[in-house]
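The values are calculated or read from the model by the stated rules, or taken from the named source; none is laboratory data. Treat the numbers as computed from the prediction; the structure is a model and nothing was measured. Don't worry about glycine lacking a Cβ; one is built from the backbone with ideal geometry, like all the others, and counts go over all protein chains shown. Calculation scope for accessible area: heavy atoms of the full protein, side chains included, ligands and nucleic acids excluded. Shrake-Rupley method; radii C 1.70, N 1.55, O 1.52, S 1.80 Å.
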Amino acid sequence: MSQFADSEGSVLRALQAIQETFGYVPDEALDTVAEVCNVSRAEVYGVFTYYSDLRSTLPAPNVVRVCIAEACQASGSDSLVAAIRAELGLDVHAKSRSGETEIAPVFCLGNCALGPAALVNDRLLGRTTVAKIRAALGDPR
Amino acid sequence: MSGSTTVYVPRDAAALSVGAEEIAKRVEDEARKRGKAVEIVRNGSRGALWLEPLVEVSTANGRVGYGPVAPEDVTSLFDAGFLDGAHHQLSLGVVDDHEWFAKQDRLTFARVGVVDPLSVSDYEAHGGLVALRKALTMDPQAIIDEVGASGLRGRGGAGFPAGIKWQTALQAQVGQKYICCNADEGDSGTFADRMLMEGDPFALIEGMAIAGLAVGATQGLIYVRSEYPHAIGALRAAVLLAAESAILGRDVLGSGRVFEVEVRVGAGSYVCGEETAMLESLEGKRGVVRAKPPLPAVEGLFGKPTVVNNVMTLASVPWIISHGASAYRDRGAGRSRGTQVFQLAGNVARGGIVELALGVPLRDLVDGFGGGTRTGRPVKTAQVGGPLGAYLPSSAFDVPMDYESLLAIGAMLGHGGIVVFDDSVNMAKQARFAMEFCAEESCGKCTPCRIGSVRGVETIDKIVAGERRRENLELLLDLCEVMTEGSLCAMGGLTPLPVKSALDHFPEDFGIESVEGSTRGATA
């Protein structure tokens with residue numbers, strides 16, 4: 001944490017570093033960041049709640065993000081979302097979770113010519129099907 | 001033939017998403033099994049994404065391509081003698097001679113997919129660093145004059161002349177200045193920044209260093225979105241390599257000049273692609289839009305003069321400096337000079353990167369290069385310029401793709417993304433999504449965007465449901481006007497563009513006959 005003291009503009013980076021380490025940002029960490037960066041807890045809380053990447057709970061062991069933006073819509077992301085609901089029993093909404101896996105929508109993964117796209121942990125999928133998601137979950141890289 | 005054969009298997013994220021890693025492994029295993037010496041180079045993607053994984057083999061005649069290669073094809077490729085460039089059912093011939101590539105005019109993307117992205121020597125062998133060496137001998141004003149004379153405009157979407165922005169930053173009499181590269185490529189249908197960062201990261205670094213020399217900045221920052229893990233990895237590796245080779249650091253190429261680059265990662269906010277929100281985020285704050293003026297070039301990051309340019313803008317600079325402003329300026333149409341890296345996305349048969357001079361008709365891109373839809377159904381519309389761009393009907397596809405021509409028909413070029421839809425798309429649904437996306441991603445600073453987008457979703461729902469259709473249509477058009485005129489930035493200001501274009505061109509999808517009086521409001 002000390003690397004962020006006296007460094008201009010470090011609140012976001014401090015929160016990102018905490019999440020990198022723990023997988024989420026524990027509530028008490030907000031006080032730590034406030035102290036180290038010499039700003040109020042309210043300010044830190046404001047930053048924490050603004051960014052959708054930052055989270056207050058531990059993620060499931062597997063995180064699936066399904067692109068629902070325009071280019072993937074054009075390539076059938078609606079059908080993919082429906083198939084995920086039917087076959088995996090998971091809604092692609094908010095932070096839906098079942099056992100080892102959580103699934104969330106995302107706006108664009110930059111794989112717009114090979115949609116629908118999904119990110120399974122750190123592995124990008126193109127022309128995504130439920131079968132491909134299943135395979136990636138079995139072998140998360 | 002002596003020594004080993006060079007085989008190229010891309011490491012671009014899009015290529016990986018359809019199995020390039022597995023192909024690389026199989027080629028290596030198969031070569032070992034057969035006692036063939038191969039050197040596998042993990043290049044970027046050539047940009048013909050429908051052909052990925054595209055495997056290339058270096059031969060006496062040039063690089064011969066095969067694609068799209070499935071894992072089970074690897075054995076038969078070896079059987080056919082692909083290491084000598086022999087024919088196979090997946091043969092594409094010499095890739096440079098392939099029609100899809102031969103008809104392009106690749107300047108900014110000249111090296112992407114060709115070189116090993118993380119080899120400084122490969123970069124230099126393909127024209128890299130010529131511009132930086134030249135810029136080190138030039139007066140800052142001369143660099144800016146050259147960029148200005150090229151006609152280069154901001155490729156992120158706003159299209160502001162790069163030379164003028166740089167001039168403003170140069171004139172600011174302040175010690176510390178910054179070069180910020182906007183790599184928060186959040187627009188659906190765009191991926192050129194990502195592909196360049198993964199496929200030719202040194203071009204971006206070189207462009208930033210030249211910008212630094214031009215305006216007197218010693219620190220560069222690249223703000224890249226967290227949804228791009230492969231690009232982040234490539235950039236970080238490239239920055240380290242550039243420092244080792246003294247392209248960056250305290251003594252740039254032995255000149256005694258200073259320029260350093262830091263890679264910063266976003267945290268999942270679309271608005272942070274707006275330049276002032278990006279600066280707030282780089283300052284560690286909530287990524288909320290700032291009111292302008294002051295312009296970032298006067299008071300930007302931490303209140304210091306800051307040049308904020310998109311990846312494509314900065315990566316075009318080395319080509320301009322090494323080939324001269326007039327070579328760049330000779331391409332294009334009207335006040336839109338040079339080339340644009342178009343991105344064909346969505347439901348398109350041949351999706352990928354098409355770099356051409358500005359002014360090419362949209363039809364040439366969608367039907368020509370793109371080959372129509374992937375589903376084989378008729379094209380109904382293309383959304384040009386990202387989620388804040390207009391939906392154009394296929395009858396409007398003769399429009400030349402340049403800033404002014406698109407503006408004249410109520411559309412915008414944006415970042416050059418083109419998302420193709422077939423006739424199964426419902427445009428009321430797309431319009432609703434545009435409002436919904438705005439509601440989700442609005443930073444909340446200004447009311448028209450924050451509240452207007454929510455009301456927009458509700459009003460579209462009412463129109464579609466047939467609830468007091470005329471009155472609600474009138475209300476929606478009024479709302480669009482308020483958002484267009486009253487929002488601080490393009491998020492709220494341009495969201496009416498997809499909504500109104502959908503209404504104008506496809507009123508039947510909303511259950512209405514036509515939209516009279518809808519030409520007011522939303523004209524960017």
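Magnitude of the Cβ-charge dipole of the protein assembly as shown, K/R +1 and D/E -1, about the Cα centre, nearest 20 debye? Each step should come with its number before you reach the end.
On the way: 62 positive and 82 negative charges, 62 e Å.
With Lys and Arg at +1 and Asp and Glu at -1, about 300 debye.
Taking the Cα-to-Cβ direction at A:Thr32 and at A:Ser79 and moving 7 Å from each Cα, how far apart do the two end points lie in nm?
Placing both labels 7 Å beyond Cα along the Cβ direction yields 4.8 nm.
Report the semi-axes of the equivalent ellipsoid for chain B in whole Å, largest first, where each axis is √(5λ) for an eigenvalue λ of the Cα gyration tensor.
38, 31, 19
Let me check against my output: what whole-number percent is the relative contact order of segment B:330-405, with C-alpha pairs under 8 Å and at least 6 apart?
Once normalised by length, the contact order is 30 percent.
Looking at the square roots a ≥ b ≥ c of the eigenvalues of the Cα gyration tensor of segment B:123-204, which shape do they give, rounded for a/c under 1.5, prolate if a/b is larger than b/c, or oblate?
The shape class here is oblate.
Select from chain B the helices, each a whole stretch of DSSP H, whose alpha-carbon atoms run 24 Å or more along the helix axis and whose Kyte-Doolittle mean is at least -0.5; answer none if there are none. Don't skip to the answer; put the middle values down first.
Numbers: long enough: B:447-465 (26 Å, 0.31); B:469-486 (25 Å, -0.19).
Helices meeting the criterion: B:447-465, B:469-486.
Counting only protein heavy atoms and using a 1.4 Å probe, what share of the accessible area of the protein assembly as shown belongs to carbon plus sulfur, as a whole percent?
In the protein assembly as shown, the share of accessible area belonging to carbon and sulfur is 50 percent.
Tell me, which residues of segment A:79-127 get at least 50 Å² less accessible area when the other protein chains come in, versus the chain alone (1.4 Å probe)?
Listed in order, they are A:Phe107, A:Cys108, A:Gly110, A:Cys112, A:Ala113, A:Leu114, A:Leu124, A:Arg127.
If you count only protein heavy atoms with a 1.4 Å probe, what accessible area per residue comes out for segment B:87-198, rounded to a whole Å²?
Working: 4120 Å² over 112 residues.
Using a 1.4 Å probe on heavy atoms only, each residue of segment B:87-198 averages 37 Å².
Over every pair of different alpha-carbon atoms in the protein assembly as shown, take the mean of 1/r and invert it; report that Kirkwood radius in Å.
25.5
Note down the relative contact order for chain B as a percent, whole number, built from C-alpha pairs under 8 angstrom at least six residues apart.
13
From the protein chains alone at 1.4 Å, what is the descending order of accessible area for B:Met278, B:Met412, largest first?
Details: B:Met278 0, B:Met412 30 Å².
Per-residue accessible area, sorted high to low, gives B:Met412, B:Met278.
About the Cα centre, and with charges only on the beta carbon of Lys, Arg (+1) and Asp, Glu (-1), how big is the dipole of chain A? Nearest 20 debye, please. Please list the in-between numbers first.
On the way: 12 positive and 17 negative charges, 142 e Å.
Around 680 debye, computed over chain A.
Using a probe radius of 1.4 Å on protein heavy atoms only, what is the accessible area buried between chains A and B, both sides summed, to the nearest 100 Å²?
3600
In whole Å, what is the distance between the alpha-carbon centres of segment B:318-349 and segment B:227-300?
Their Cα centres are 24 Å away from one another.
Which value, in Å², gives the accessible area per residue of segment B:397-476 when a 1.4 Å probe is used on the protein heavy atoms?
Here the residues of segment B:397-476 average 40 Å² of exposed surface.
By accessible area of protein heavy atoms, probe 1.4 Å, what ranking do B:Met138, B:Met312 get, highest first? It would help to have the intermediate numbers written out before the result.
Numbers: B:Met138 40, B:Met312 5 Å².
Output order, biggest surface exposure first: B:Met138, B:Met312.
With all protein chains present, calculate the accessible area of A:Phe22 using a 1.4 Å probe and round the result to the nearest 10 Å².
Ignoring ligands and nucleic acids, A:Phe22 comes out at about 120 Å².
Of B:Trp319, B:Gly189, B:Gly256, whose Cα points farthest to the positive end of the dipole of the protein assembly as shown (charges on the beta-carbon: +1 Lys, Arg; -1 Asp, Glu; origin at the Cα centre)?
Of B:Trp319, B:Gly189, B:Gly256, it is B:Gly256.
Over segment A:2-50, give the accessible area per residue in Å² for a 1.4 Å probe, as an integer. Present the calculation step by step, with values, prior to reporting the outcome.
Working: 2690 Å² over 49 residues.
About 55 Å² of surface per residue is accessible.
With the contact rule set at Cα under 8 Å and sequence spacing of 6 or more, what percent relative contact order holds for segment B:139-191?
Relative contact order, segment B:139-191: 25 percent.
Taking the Cα centroid of segment B:18-41 and of segment A:43-98, what is the distance between the two, rounded to the nearest whole Å?
35
Going Cα to Cα from B:Lys165, which lysines come in below 30 Å? Please leave out same-chain ones fewer than 8 positions away.
B:Lys165 reaches B:Lys134, B:Lys177, B:Lys285, B:Lys292, B:Lys304, B:Lys445.
Around B:Leu213, with a cut-off of 14 angstrom between Cβ atoms, what is the net charge of the other residues, counting Lys and Arg +1 and Asp and Glu -1?
-2
Just the number, please: Stokes-Einstein D of segment B:147-292 in µm²/s, Kirkwood Rh from C-alpha pairs, 4 °C, 1.567 mPa s.
Translational D for this selection: 82 µm²/s.
How long are the three semi-axes of the equivalent ellipsoid of segment B:286-367, in whole Å, if each is the root of 5 times an eigenvalue of the C-alpha gyration tensor, listed from largest down?
30, 20, 12
At most 14 other Cβ atoms within 10 Å plus a DSSP loop assignment makes a site exposed; report the longest stretch of chain B without any exposed GluC sites (Glu not before Pro). Could the numbers behind the result be given before it?
Numbers: sites that count: B:Glu467, B:Glu513, B:Glu516.
The segment B:1-466 is the longest one with no such site.
Kindly identify residues of segment B:279-294 having a loss of at least 30 Å² in accessible area between the isolated chain and the assembly of all protein chains, probe radius 1.4 Å.
B:Gly284, B:Arg286
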